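Engineer: Would you mind keeping the following structure in view while I ask a few things?
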(Lines give C-alpha, C1' and ligand atoms only; values in the text may rest on other atoms or scores of the structure.)
Protein backbone atom coordinates (compact mmCIF):
# COMPACT_ATOMS: atom_id res chain seq x y z
CA UNK A 1 0.00 0.00 0.00
CA UNK A 2 1.54 3.28 -1.06
CA UNK A 3 -1.09 5.63 0.40
CA UNK A 4 -1.34 7.14 3.85
CA UNK A 5 -4.20 7.54 6.30
CA UNK A 6 -4.98 10.33 8.75
CA UNK A 7 -8.20 9.32 10.54
CA UNK A 8 -9.32 9.86 14.11
CA UNK A 9 -12.39 8.43 15.84
CA UNK A 10 -13.27 9.73 19.32
CA UNK A 11 -16.13 9.34 21.78
CA UNK A 12 -16.04 11.83 24.61
CA UNK A 13 -17.70 14.60 26.57
CA UNK A 14 -17.60 18.31 25.76
CA UNK A 15 -15.43 20.25 28.19
CA UNK A 16 -17.11 23.55 27.29
CA UNK A 17 -19.81 24.98 25.03
CA UNK A 18 -19.11 25.34 21.30
CA UNK A 19 -17.35 28.64 20.52
CA UNK A 20 -18.26 30.01 17.09
CA UNK A 21 -16.21 32.24 14.80
CA UNK A 22 -17.86 33.76 11.70
CA UNK A 23 -16.03 34.94 8.58
CA UNK A 24 -16.88 37.10 5.60
CA UNK A 25 -18.65 35.13 2.92
CA UNK A 26 -20.80 33.20 5.42
CA UNK A 27 -18.27 30.58 6.52
CA UNK A 28 -17.94 29.67 10.17
CA UNK A 29 -15.86 27.53 12.52
CA UNK A 30 -16.93 25.99 15.80
CA UNK A 31 -14.37 24.91 18.39
CA UNK A 32 -14.74 22.93 21.58
CA UNK A 33 -12.62 20.77 23.88
CA UNK A 34 -13.45 17.05 24.03
CA UNK A 35 -12.44 14.83 26.96
CA UNK A 36 -11.75 11.12 26.54
CA UNK A 37 -11.02 8.92 29.55
CA UNK A 38 -8.91 5.84 30.12
CA UNK A 39 -9.62 3.88 33.30
CA UNK A 40 -7.57 1.05 34.73
CA UNK A 41 -6.77 -0.58 38.06
CA UNK A 42 -3.27 -0.05 39.46
CA UNK A 43 -1.90 -3.55 40.09
CA UNK A 44 0.26 -2.50 43.03
CA UNK A 45 -2.29 -0.44 44.98
CA UNK A 46 -5.52 -1.91 43.62
CA UNK A 47 -6.98 1.56 43.19
CA UNK A 48 -8.89 2.65 40.11
CA UNK A 49 -7.03 5.28 38.06
CA UNK A 50 -8.64 7.51 35.43
CA UNK A 51 -6.57 9.49 32.92
CA UNK A 52 -8.26 12.21 30.89
CA UNK A 53 -6.98 13.29 27.48
CA UNK A 54 -8.19 16.61 26.04
CA UNK A 55 -8.67 17.12 22.29
CA UNK A 56 -9.23 20.39 20.42
CA UNK A 57 -12.18 19.82 18.07
CA UNK A 58 -12.85 21.99 15.00
CA UNK A 59 -16.14 21.82 13.06
CA UNK A 60 -16.90 23.96 10.00
CA UNK A 61 -19.86 25.80 8.46
CA UNK A 62 -23.36 24.23 8.79
CA UNK A 63 -22.08 21.38 10.95
CA UNK A 64 -20.60 23.95 13.36
CA UNK A 65 -23.94 25.74 13.58
CA UNK A 66 -25.72 22.45 14.32
CA UNK A 67 -23.20 21.64 17.05
CA UNK A 68 -23.62 25.10 18.58
CA UNK A 69 -27.40 24.73 18.61
CA UNK A 70 -27.63 21.22 20.08
CA UNK A 71 -24.47 20.70 22.16
CA UNK A 72 -23.46 22.04 25.55
CA UNK A 73 -20.82 21.29 28.15
CA UNK A 74 -20.96 17.67 29.34
CA UNK A 75 -22.77 16.24 26.29
CA UNK A 76 -21.42 13.03 24.77
CA UNK A 77 -20.49 12.96 21.07
CA UNK A 78 -18.79 10.69 18.55
CA UNK A 79 -16.52 12.51 16.09
CA UNK A 80 -14.50 11.38 13.09
CA UNK A 81 -11.90 13.50 11.43
CA UNK A 82 -8.23 14.03 10.81
CA UNK A 83 -5.38 15.39 12.92
CA UNK A 84 -3.97 18.75 11.91
CA UNK A 85 -1.14 20.61 13.62
CA UNK A 86 -0.93 24.38 13.29
CA UNK A 87 2.04 26.57 14.15
CA UNK A 88 2.29 30.31 14.79
CA UNK A 89 4.50 32.91 16.43
CA UNK A 90 3.44 33.87 19.95
CA UNK A 91 3.54 37.43 21.27
CA UNK A 92 6.83 36.57 22.99
CA UNK A 93 8.37 35.51 19.64
CA UNK A 94 8.35 31.78 20.41
CA UNK A 95 6.92 29.29 17.95
CA UNK A 96 3.68 27.77 19.25
CA UNK A 97 1.95 24.58 18.13
CA UNK A 98 -1.64 23.40 18.40
CA UNK A 99 -2.95 19.97 17.45
CA UNK A 100 -6.61 19.84 16.41
CA UNK A 101 -9.13 17.30 15.18
CA UNK A 102 -10.75 18.58 11.97
CA UNK A 103 -14.19 16.93 12.06
CA UNK A 104 -15.61 15.28 8.94
CA UNK A 105 -18.44 13.29 10.58
CA UNK A 106 -20.18 13.29 13.95
CA UNK A 107 -23.04 11.74 15.90
CA UNK A 108 -24.64 13.20 19.01
CA UNK A 109 -24.82 10.49 21.66
CA UNK A 110 -26.52 12.63 24.33
CA UNK A 111 -27.64 16.23 24.41
CA UNK A 112 -29.18 18.38 27.12
CA UNK A 113 -30.71 21.04 24.87
CA UNK A 114 -33.22 18.64 23.31
CA UNK A 115 -36.19 17.44 25.30
CA UNK A 116 -35.70 13.93 26.63
CA UNK A 117 -32.92 11.66 25.43
CA UNK A 118 -33.15 12.33 21.70
CA UNK A 119 -30.23 11.33 19.57
CA UNK A 120 -29.06 13.38 16.63
CA UNK A 121 -26.97 11.72 13.97
CA UNK A 122 -25.19 13.14 10.97
CA UNK A 123 -23.93 11.10 8.03
CA UNK A 124 -21.67 13.97 7.06
CA UNK A 125 -21.30 17.71 7.53
CA UNK A 126 -23.28 18.74 4.45
CA UNK A 127 -26.40 16.85 5.51
CA UNK A 128 -26.17 17.69 9.21
CA UNK A 129 -28.48 20.70 9.01
CA UNK A 130 -31.01 18.82 6.88
CA UNK A 131 -31.19 15.96 9.38
CA UNK A 132 -32.03 18.30 12.27
CA UNK A 133 -35.74 17.61 11.89
CA UNK A 134 -35.12 13.85 11.94
CA UNK A 135 -34.54 13.87 15.71
CA UNK A 136 -37.70 12.77 17.49
CA UNK A 137 -38.57 11.48 20.92
CA UNK A 138 -41.32 9.09 19.86
CA UNK A 139 -40.25 5.58 18.97
CA UNK A 140 -41.60 3.99 15.81
CA UNK A 141 -44.63 1.82 16.51
CA UNK A 142 -43.89 -1.88 16.58
CA UNK A 143 -45.60 -3.81 13.78
CA UNK A 144 -48.21 -6.30 14.87
CA UNK A 145 -47.44 -10.01 14.63
CA UNK A 146 -50.08 -10.41 11.91
CA UNK A 147 -48.38 -7.78 9.74
CA UNK A 148 -44.99 -9.46 10.18
CA UNK A 149 -46.30 -12.82 8.96
CA UNK A 150 -48.22 -11.44 5.95
CA UNK A 151 -45.58 -9.01 4.80
CA UNK A 152 -42.50 -10.49 3.15
CA UNK A 153 -40.86 -7.06 2.63
CA UNK A 154 -37.69 -6.50 4.65
CA UNK A 155 -38.90 -3.12 5.96
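Engineer: Has region 37-56 got any residue that is in contact (Cβ under 8 Å) with a residue 24 or more places away in the chain and exposed (fewer than 12 other Cβ atoms within 10 Å of the Cβ)?
Structural biologist: Yes: one or more hits.
Engineer: Residue check: is residue 91 within 14 Å of residue 33 (Cα to Cα), over 11 Å from the mean Cα position of the chain (by Cα) and either without any contact (Cβ under 8 Å) to a residue 60 or more places away in the chain or surrounded by 15 or more Cβ atoms within 10 Å (Cβ to Cβ) (or both)?
Structural biologist: No; evaluated as a whole, the condition is false for this residue.
Engineer: Still on this structure: Restricting attention to region 20-36, report how many residues are in contact with a helix residue (DSSP H, G or I) (Cβ under 7 Å, 6 or more places away or on another chain) and either free of Cβ contacts under 8 Å to residues at least 12 places away in the same chain or over 22 Å from residue 76 (Cα atoms) (or both).
Structural biologist: So the answer is 2.
Engineer: If a residue must be in a strand (DSSP E or B), under 19 Å from residue 64 (Cβ atoms) and modelled with pLDDT under 90, how many such residues does region 82-121 contain?
Structural biologist: The total comes to 2.
Engineer: On to the next question. State yes or no: is residue 132 more than 15 Å from residue 10 (Cα to Cα), assigned to a strand (DSSP E or B), at pLDDT below 95 and within 24 Å of the chain's Cα centre (by Cα)?
Structural biologist: On the way: more than 15 Å from residue 10 (Cα to Cα): yes; assigned to a strand (DSSP E or B): no; at pLDDT below 95: yes; within 24 Å of the chain's Cα centre (by Cα): yes.
So residue 132 does not fit the description; no.
Engineer: Assess whether residue 84 counts as being in contact with a strand residue (DSSP E or B) (Cβ under 9 Å, 6 or more places away or on another chain) and in contact (Cβ under 8 Å) with a residue 40 or more places away in the chain.
Structural biologist: Considered against the rule, which asks whether it is in contact with a strand residue (DSSP E or B) (Cβ under 9 Å, 6 or more places away or on another chain) and in contact (Cβ under 8 Å) with a residue 40 or more places away in the chain, residue 84 comes out as no.
The values are calculated or read from the model by the stated rules, or taken from the named source; none is laboratory data. If you're wondering where the values come from, they're calculated on a predicted model, not measured in any experiment. Virtual Cβ from ideal backbone geometry, glycine too; neighbours counted across all protein chains shown.
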